[in-house]
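Laboratory data are not the source of any read-out in this text; all were calculated from the coordinates shown. Every value quoted in this text rests on a predicted model; they were computed, and no experiment measured them. Note that we place each Cβ from the backbone using ideal geometry, even for glycine, and neighbour counts take in every protein chain shown.
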Amino acid sequence: MSLPFDPQQGLIIVRTELWGPTGSALLRLALDTGATARVVNIAMLVAVGYDPALAPTRVQVTTGSGVEYAPRVTLSRILALGQQRVDFPVLGHTLPPSAGVDGLLGLDFLRGQSLTVDFRTGHVTLV
């Protein structure tokens, strides 16, 4: 599936849908090949029925502001760039409103696929 983006602008934003115990939500995730794992804003996880505070696993994450521990939550389902994953773990993290995104689409979602980011045509494709 190929999705358009504006190659003259900042982040490449990927519309993503995730499902939880109480429903689903549409998110704006930044495509980030520098992130090893997908990160979702804690508020979005709570909105679909997860409680990150009860997550049994915390993962050490290095951010621009230092080292933190993020809860790992297993999503029942997630859909991005035409690809679906079930029982997929994500890290919960509080993002500032100024971030303008609900999280990051990292390498863990992209592995095993072919990702093409074409800045001439303004299309991103994952197959």
- Message: Considering only residues that are more than 15 Å from ASP108 (Cβ to Cβ) and either small (Gly, Ala, Ser) or free of Cβ contacts under 8 Å to residues at least 24 places away in the same chain (or both), which ones fall in segment 72-86?
- Response: SER76, GLY82
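Scan segment 87-127 residue by residue and report those that are β-branched (Val, Ile, Thr), touching a strand residue (DSSP E or B) at 6+ places or on another chain (Cβ under 6 Å) and under 25 Å from GLN9 (Cα atoms). Reasoning before the result, please.
Pass one, segment 87-127, residues β-branched (Val, Ile, Thr): 90, 94, 101, 116-117, 121, 124-125, 127.
Checking the rest, the ones that are also touching a strand residue (DSSP E or B) at 6+ places or on another chain (Cβ under 6 Å) come to 90, 101, 116-117, 124-125.
Answer for segment 87-127, where residues must be β-branched (Val, Ile, Thr), touching a strand residue (DSSP E or B) at 6+ places or on another chain (Cβ under 6 Å) and under 25 Å from GLN9 (Cα atoms): VAL101, THR116, VAL117, VAL124, THR125.
Does THR33 satisfy the criteria of being surrounded by fewer than 14 Cβ atoms within 10 Å (Cβ to Cβ) and farther than 28 Å from PHE119 by Cβ? Let's see the steps before the verdict.
Values: surrounded by fewer than 14 Cβ atoms within 10 Å (Cβ to Cβ): yes; farther than 28 Å from PHE119 by Cβ: no.
For THR33, the condition - surrounded by fewer than 14 Cβ atoms within 10 Å (Cβ to Cβ) and farther than 28 Å from PHE119 by Cβ - is not met.
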- Residues in segment 91-116 that are touching a Ser or Thr at 6+ places or on another chain (Cβ under 8 Å) and aliphatic (A, V, I, L, M) total 4
- Message: Yes or no: segment 43-56 includes at least one residue that is surrounded by 12 or more Cβ atoms within 10 Å (Cβ to Cβ) and within 24 Å of SER114 (Cβ to Cβ).
- Response: no
- Item | Evaluation of SER114 against (1) touching a Pro at 6+ places or on another chain (Cβ under 8 Å); (2) without any contact (Cβ under 8 Å) to a residue 60 or more places away in the chain; (3) within 26 Å of PRO7 (Cβ to Cβ) (one fails), failing number | (1)
